[in-house]
Amino acid sequence: MEKIAFDQLQEELYYEKLANGLDVYILPKKGFNKTYATFTTKYGSIDNHFMPFGKQEFVKVPDGIAHFLEHKLFEKADGDVFQQFSRQGASANAFTSFTRTAYLFSSTSNVERNLETLIDFVQDPYFTEKTVEKEKGIIGQEITMYDDNPDWRLYFGVIENMYQNHPVKIDIAGTIESISHITKDMLYECYETFYHPSNMLLFVVGAIEPEAIMNQIKSNQEKKDYTAKPEIQRRFGQEIEESAKKKQVLQMNVQTPKCLVGIKSPPSTLTGSEMLKQELSVNILLDILFGKSSDHYTELYNEGLIDDSFSYDYTQEQGFGFAIVGGDTPDPEKLGEKLTAMLLDAKQGSIINEDNLERARKKKIGGFLRSINSPEFIANQFTRYAFNEMDLFDVVPMLEKITVKDVQESAGSIIDEKRFTICQVVPKNK
Amino acid sequence: MGVISEAIKDMKGYKLHIVKSDKYKTNTMVWKMKAPLSKESVTKRALLPYVLQSSTANYPSTAALRSYLDDLYGASMFVDVSKKGEYQIISISVEVANEKFLSDQTPLLKKGLELLAEIIKNPLIKNNAFDGETVEKEKRTLKQRIHSVNDDKMRYSSFRLVQEMCSGEPYALHANGELDQVDDISEVSLFEYYQKAFAEDELDLYVIGDVSPEEVETTAASLFEFADRVPQDSNSLDGVRREEKVVKEEQDVKQGKLNIGYRTHIKYGDPDYYALQVFNGIFGGFSHSKLFHNVREKASLAYYVASRLESHKGLMMVMSGIEFKNFELAVNIIKEQMDAMRSGDFTDEEIEQTKAVIENQMLETLDTARGMVEILYHNVVSKINVPLDQWMKGMQESTKDDIIAVANKVNLDTIYFLTGMEAGE
């Protein structure tokens, strides 16, 4: 077991790669009541075209299957795992994103038993035709719930606009139609391909003793027979550089219109610290442009074009990425035009100077300290970073290194009108 | 077990609550102001903190104030207006990095408290009025905030249930205030209300983090000083038992939202409040509860179905999203679960499981500074000081008979259903 100390943050991280390929990270948190653990596979909604384990040909699986599998893993022959966790005083959950499926629990007692339950339930699938059919009703209601949620439709609408082929454009939960095709055999095929320990990461953070926890995880894994397996082959299709659709207007039962402007990232092969630098530089750029202390924010707010719902964000993963800005607005056309103009104007970089970089840097460092109060943030973000060969604990040192030139360069590379797109939600015509 | 110790000091016009803990990288300050909910003041209270956080005399624009926050290592500052029972509570929170984790040793806690004082005590004023432009901008945003409830159908249906169920009671008011009152507020009338609120509200300051209590007390004493006051009571009435009321509303939606309101006739601090917590947990509070198990897992009718308590008003709310045609079926299953609770049809294992999960939830909440403030603030609202270990003990000691007694005290008041335009009945 390797120990990595972060002196300035007063944190210590323990790491070991087990014989079967599983990456295990342990971070003791002094003074906390709770322990939080995530068991995550690098398998999300975008992994819908792949070479199944032990097969010779690529298959395409129905939209929403990764999320469906996440739901079904909780059910066993003798009932559902939620019951077992709550008997042990824990609360359990799971989520599926574009690139990951994570299973988690938090508890303030019986940590060892809960950890055993977490690992064992994820590593012991039980799918039957009957339980698969039953789940279609439940997930159908989950999909319908999101269909009525304008913010959800808006966010996924702007991403859908950007991509022509990449599966990031597909709804994570799929559609009622697409999930109707899911069978138990498909679930097993996905499971066998993506849930091998070598494709997974276990993170435990909280009131724990690292040695003991690591030994427990090791002895759990040694009892299970995982043969070494080849690399997973995935296909994402050829993607165009520009946004596939310039604009989409969704008519919904709302009173207040909404508008998001999206920028699709240019094709990138960055990983590791280069990727981290890029991600932080673009986030600093957005802070300088649209943070509450910025001139742009002041102008938009004073004109009544934005309110508390205004936000901005940049996400980069391997193979796709985007910056998204916007929120509720009485005039979605005008907000879209203004945001577009402000972004294009920032491309040549003169808006970025030492003063606003320094302010954004301090804001980000303080924000990071606030975030690492949260065991959930640490486990989830650490995992996301690790899957992209980045290190969460490099964030502060990297922030300290970023220069005006770095931010200007990222403005130059990410801002390009052909990769812009707009999505609006407007009240339905009565 | 990490039960915390809260030091409470009587200061001039307010109480100072300090919880010393070294588990955070930041220090958190929360300013709370409490007054009875009333139609007369609800909208002004909903607007006031947003005006205060927009500008101050020394930082006369949002950009100036926010630049200063950024410079303080991204100090976060936000305001919130909420309801606890029949009180409307304004919260102003400031969170700063603890400088021991920074290479720069600026005393951020002191700066944070000074900033809080600046926001509260030194607003941008001219001739006994707030800055007109700031008030107009924040009125516009408040209207948007009130409107936005209509666009989130989960929030909308929860609000509509309360409106129907508690009509005629102050609790029916929304914490965001009333749309038709916004325009009548002026920079003069809001400033008058500001003075009244600081003269009459119950005021509390919470400081949480790795702090020196003596230093916090000295700093707070020098920065905050108000006239003594006797806080006003809300005269909250317990709703009378009546026939079940069913309200159906049609809108252009894809999923039906079913919200059911019960009167528990039990409030925070009452002797059977502990058993009520366990009752709610067995009935619908968690993913092992009867509602989740029967409505979702067995009947496959819903993705979410849960119950939650309003501890200071004595209400329990069930919420779920279902297909329009399943209304009767879902209501029947939910009623069957309540009948099971009343007749004691639940096992000792369900009781133990629920107690374990409630205790876990409480301890987890204490791991976040803001969660800790919310838990401790229950004592202010209820005027009963229940130490946390007593809370845990009371909850753990509640028996099956206590839980059955609670179940028989609870009565269904109103069923609200938001359904589609061509509802298939």
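Residues in segment A:287-306: is at least one within 28 Å of A:E239 (Cα to Cα) and either modelled with pLDDT under 95 or surrounded by fewer than 21 Cβ atoms within 10 Å (Cβ to Cβ) (or both)? Steps first, please.
Filtering segment A:287-306 down to residues within 28 Å of A:E239 (Cα to Cα) leaves none.
No, segment A:287-306 has no match at all.
Looking at segment B:54-85, which of its residues are in a loop (DSSP other than H, G, I, E, B), more than 10 Å from chain A (Cβ to nearest Cβ) and in contact (Cβ under 8 Å) with a residue 60 or more places away in the chain? Can you show your working first?
Here is the first cut: in segment B:54-85, the ones in a loop (DSSP other than H, G, I, E, B) are B:54-55, B:57-61, B:72-75, B:85.
Going one step further and asking which of them are more than 10 Å from chain A (Cβ to nearest Cβ), we end up with B:55, B:57-60, B:85.
Listed by number, the residues that qualify are B:S55, B:A57, B:N58, B:P60, B:G85.
If you take the residues in segment A:134-187 that are basic (K, R) and more than 10 Å from chain B (Cβ to nearest Cβ), which one is farthest from A:I422 (Cα to Cα)?
Residues of segment A:134-187 basic (K, R): A:134, A:136, A:153, A:169, A:184.
Adding the requirement that they be more than 10 Å from chain B (Cβ to nearest Cβ) leaves A:153, A:169, A:184.
Values: A:R153: 13, A:K169: 15, A:K184: 39 Å.
The residue in question is A:K184.
Yes/no matrix, rows are residues, columns are (1) surrounded by 21 or more Cβ atoms within 10 Å (Cβ to Cβ); (2) over 26 Å from A:P230 (Cβ atoms); (3) within 14 Å of another protein chain (Cβ to nearest Cβ):
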{"site": "A:S45", "(1), (2), (3)": "yes, no, no"}
{"site": "A:K60", "(1), (2), (3)": "no, no, no"}
{"site": "A:H67", "(1), (2), (3)": "yes, no, yes"}
{"site": "A:A77", "(1), (2), (3)": "no, yes, no"}
{"site": "A:F98", "(1), (2), (3)": "no, no, no"}
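Starting from segment B:398-425, take each residue that is farther than 17 Å from B:E250 by Cβ and in a loop (DSSP other than H, G, I, E, B) and list its partners that are of a type in the set (D, E, K, R) and modelled with pLDDT of 95 or more, counting only C-beta distances under 9 angstrom and pairs at least six apart or across chains.
Pairs found: B:S398/B:D272; B:S398/B:K355; B:V410/B:R263; B:V410/B:R342.
Any residue at all in segment A:391-403 that is crowded, with 23+ Cβ neighbours inside 10 Å and either over 19 Å from the mean Cα position of the chain (by Cα) or of a type in the set (S, T, N, Q) (or both)?
The answer is no, given that none of the residues of segment A:391-403 is crowded, with 23+ Cβ neighbours inside 10 Å and either over 19 Å from the mean Cα position of the chain (by Cα) or of a type in the set (S, T, N, Q) (or both).
Find all pairs meeting these conditions: Cβ atoms under 7 angstrom apart; at least six residues apart or on different chains; first residue within segment A:299-320 and within 15 Å of A:G336 (Cα to Cα) and more than 10 Å from chain B (Cβ to nearest Cβ); second residue in a loop (DSSP other than H, G, I, E, B) and polar (S, T, N, Q).
A:L305/A:T329
Please give the number of the condition B:G284 fails out of (1) in the same structural domain as B:E99 (by TED's automatic domain parsing); (2) assigned to a helix (DSSP H, G or I); (3) under 30 Å from B:T354 (Cβ atoms).
Every condition holds for B:G284 apart from (1).
Counting only residues that are within 12 Å of chain A (Cβ to nearest Cβ) and not charged (D, E, K, R), how many does segment B:104-147 have?
Selection size over segment B:104-147: 9.
Can you name the residue in segment B:21-36 that is among the hydroxyl-bearing types (S, T, Y) and part of a strand (DSSP E or B) and, of all such residues, is nearest to B:L113 (Cα to Cα)?
Pass one, segment B:21-36, residues among the hydroxyl-bearing types (S, T, Y): B:21, B:24, B:26, B:28.
Remaining after also requiring part of a strand (DSSP E or B): B:26, B:28.
Working: B:T26: 13, B:T28: 10 Å.
Within segment B:21-36, the match that is nearest to B:L113 (Cα to Cα) is B:T28.
Consider B:D180 carefully, then state whether it is of a type outside the set (A, V, I, L, M), surrounded by fewer than 17 Cβ atoms within 10 Å (Cβ to Cβ) and outside any helix (DSSP H, G or I).
no
Is segment B:290-302 home to any residue that is facing chain A (nearest Cβ under 9 Å), part of a loop (DSSP other than H, G, I, E, B) and touching a strand residue (DSSP E or B) at 6+ places or on another chain (Cβ under 7 Å)?
Checking segment B:290-302: at least one residue is facing chain A (nearest Cβ under 9 Å), part of a loop (DSSP other than H, G, I, E, B) and touching a strand residue (DSSP E or B) at 6+ places or on another chain (Cβ under 7 Å).
Filter segment A:32-64 down to the residues that are among the aliphatic types (A, V, I, L, M) and more than 17 Å from the chain's Cα centre (by Cα), then identify the one that is nearest to A:T96 (Cα to Cα).
Of segment A:32-64, the ones among the aliphatic types (A, V, I, L, M) are A:37, A:46, A:51, A:59, A:61.
Among the residues that remain, those that are also more than 17 Å from the chain's Cα centre (by Cα) are: A:51, A:59, A:61.
Numbers: A:M51: 21, A:V59: 21, A:V61: 16 Å.
Checking each candidate, the answer is A:V61.
Would a scan of segment B:176-186 turn up a residue that is away from every other protein chain (no Cβ under 14 Å) and closer than 30 Å to B:T264 by Cβ? Give the steps one after another, and end with the answer.
Keep residues of segment B:176-186 that are away from every other protein chain (no Cβ under 14 Å), which gives B:177-178, B:180-181, B:183-186.
This time we only want the ones that are closer than 30 Å to B:T264 by Cβ, so: B:177-178.
Within segment B:176-186 (the criterion being away from every other protein chain (no Cβ under 14 Å) and closer than 30 Å to B:T264 by Cβ), the answer is yes, since at least one residue qualifies.
Scanning for something within 21 Å of B:K139 (Cα to Cα), surrounded by 22 or more Cβ atoms within 10 Å (Cβ to Cβ), of a type in the set (A, V, I, L, M) and not assigned by TED's automatic domain parsing to the domain that holds A:I159, does segment A:309-325 turn up at least one residue?
Within segment A:309-325, the first condition is being within 21 Å of B:K139 (Cα to Cα), and the residues that meet it are A:309-311.
Next cut, surrounded by 22 or more Cβ atoms within 10 Å (Cβ to Cβ) only: none.
The answer is no; no qualifying residue exists.
Restricting attention to segment B:26-53, and to residues there that are hydroxyl-bearing (S, T, Y) and within 14 Å of chain A (Cβ to nearest Cβ), which single residue is nearest to A:Y301 (Cα to Cα)?
Initially, segment B:26-53 is screened for residues hydroxyl-bearing (S, T, Y), giving B:26, B:28, B:38, B:41, B:43, B:50.
Imposing the further condition that a residue be within 14 Å of chain A (Cβ to nearest Cβ) reduces the set to B:26, B:28, B:50.
On the way: B:T26: 30, B:T28: 28, B:Y50: 13 Å.
Checking each candidate, the answer is B:Y50.
What are the residue pairs meeting all of these: first residue in segment A:365-378, first residue more than 7 Å from chain B (Cβ to nearest Cβ), second residue β-branched (V, I, T), Cβ atoms under 7 Å, and 6 or more apart or on different chains?
Hits for this filter: A:F368/A:V395; A:F368/A:V396; A:P375/A:V205; A:I378/A:V205; A:I378/A:I372.
Look through A:D47, A:D78, A:D23 and report the one residue that is modelled with pLDDT under 95 and not assigned by TED's automatic domain parsing to the domain that holds A:N373. Let's see the steps before the verdict.
Details: A:D47 fails: modelled with pLDDT under 95; A:D23 fails: modelled with pLDDT under 95.
It is A:D78.
Which residue is nearest to the other protein chains (Cβ to nearest Cβ), if the candidates are limited to segment A:110-133 and must be hydrophobic (A, V, I, L, M, F, W, C) and either without any contact (Cβ under 8 Å) to a residue 24 or more places away in the chain or farther than 15 Å from A:D80 by Cβ (or both)?
Narrowing segment A:110-133 to residues hydrophobic (A, V, I, L, M, F, W, C): A:111, A:115, A:118-119, A:121-122, A:127, A:132.
Narrowing further to those that are either without any contact (Cβ under 8 Å) to a residue 24 or more places away in the chain or farther than 15 Å from A:D80 by Cβ (or both): A:111, A:115, A:119.
Working: A:V111: 11, A:L115: 15, A:I119: 19 Å.
Within segment A:110-133, the match that is nearest to the other protein chains (Cβ to nearest Cβ) is A:V111.
Taking into account only those residues within segment B:237-286 that are without any contact (Cβ under 8 Å) to a residue 40 or more places away in the chain and over 22 Å from the mean Cα position of the chain (by Cα), which is nearest to the other protein chains (Cβ to nearest Cβ)?
B:P271
Which residue, of A:E358, A:E337, is assigned to a helix (DSSP H, G or I), within 14 Å of chain B (Cβ to nearest Cβ) and over 30 Å from A:G206 (Cβ atoms)? Break it down into steps so the answer makes sense when it comes.
Numbers: A:E337 fails: within 14 Å of chain B (Cβ to nearest Cβ).
Matching residue, one of A:E358, A:E337: A:E358.
Among residues belonging to segment B:68-77 that are surrounded by fewer than 20 Cβ atoms within 10 Å (Cβ to Cβ) and more than 18 Å from B:V30 (Cα to Cα), point out the one that is modelled with the lowest pLDDT.
B:D71
Are there any pairs with C-beta distances below 6 angstrom linking a residue in segment B:91-103 that is facing chain A (nearest Cβ under 10 Å) to a residue that is among the aromatic types (F, W, Y), with the two at least 6 apart or on different chains, and if so which?
Pairs that qualify, where the first residue is facing chain A (nearest Cβ under 10 Å) and the partner is among the aromatic types (F, W, Y), are B:A97/B:Y73.
Tell me which residues, restricted to segment B:104-117, are free of Cβ contacts under 8 Å to residues at least 40 places away in the same chain and of a type in the set (D, E, K, R). Can you show your working first?
First, the residues of segment B:104-117 that are free of Cβ contacts under 8 Å to residues at least 40 places away in the same chain: B:104-107, B:111.
Once the filter is applied, which keeps residues that are free of Cβ contacts under 8 Å to residues at least 40 places away in the same chain and of a type in the set (D, E, K, R), segment B:104-117 yields B:D104, B:K111.
What is the residue count in segment B:353-379 for residues that are of a type in the set (D, E, K, R), more than 9 Å from chain A (Cβ to nearest Cβ) and buried (at least 21 other Cβ atoms within 10 Å of the Cβ)?
Residues flagged as of a type in the set (D, E, K, R), more than 9 Å from chain A (Cβ to nearest Cβ) and buried (at least 21 other Cβ atoms within 10 Å of the Cβ) within segment B:353-379 amount to 0.
If a residue has to be within 30 Å of A:K258 (Cα to Cα) and part of a helix (DSSP H, G or I) to count, how many in segment A:151-208 make the cut? Full working, then the answer.
Of all residues in segment A:151-208, those within 30 Å of A:K258 (Cα to Cα) come to A:151-179.
Narrowing the set further to residues that are part of a helix (DSSP H, G or I) leaves A:151-162, A:167-169, A:176-179.
Result for segment A:151-208: 19.
Within segment A:1-87, which strands (runs of 3 or more DSSP E) (wholly inside it) include 2 or more residues that are without any contact (Cβ under 8 Å) to a residue 24 or more places away in the chain?
A:2-6, A:11-17
Can you name the condition, by its number, that B:S382 falls short on among (1) crowded, with 19+ Cβ neighbours inside 10 Å; (2) in contact with a Gly (Cβ under 9 Å, 6 or more places away or on another chain); (3) in contact (Cβ under 8 Å) with a residue 24 or more places away in the chain; (4) polar (S, T, N, Q)?
Against the list (1) crowded, with 19+ Cβ neighbours inside 10 Å; (2) in contact with a Gly (Cβ under 9 Å, 6 or more places away or on another chain); (3) in contact (Cβ under 8 Å) with a residue 24 or more places away in the chain; (4) polar (S, T, N, Q), B:S382 comes up short only on (1).
The values are calculated or read from the model by the stated rules, or taken from the named source; none is laboratory data. The model shown is predicted, which means the values in this text are computed figures rather than measured ones. Using ideal geometry, Cβ is built from the backbone for each residue, glycine included, and neighbour counts are taken over all protein chains shown.
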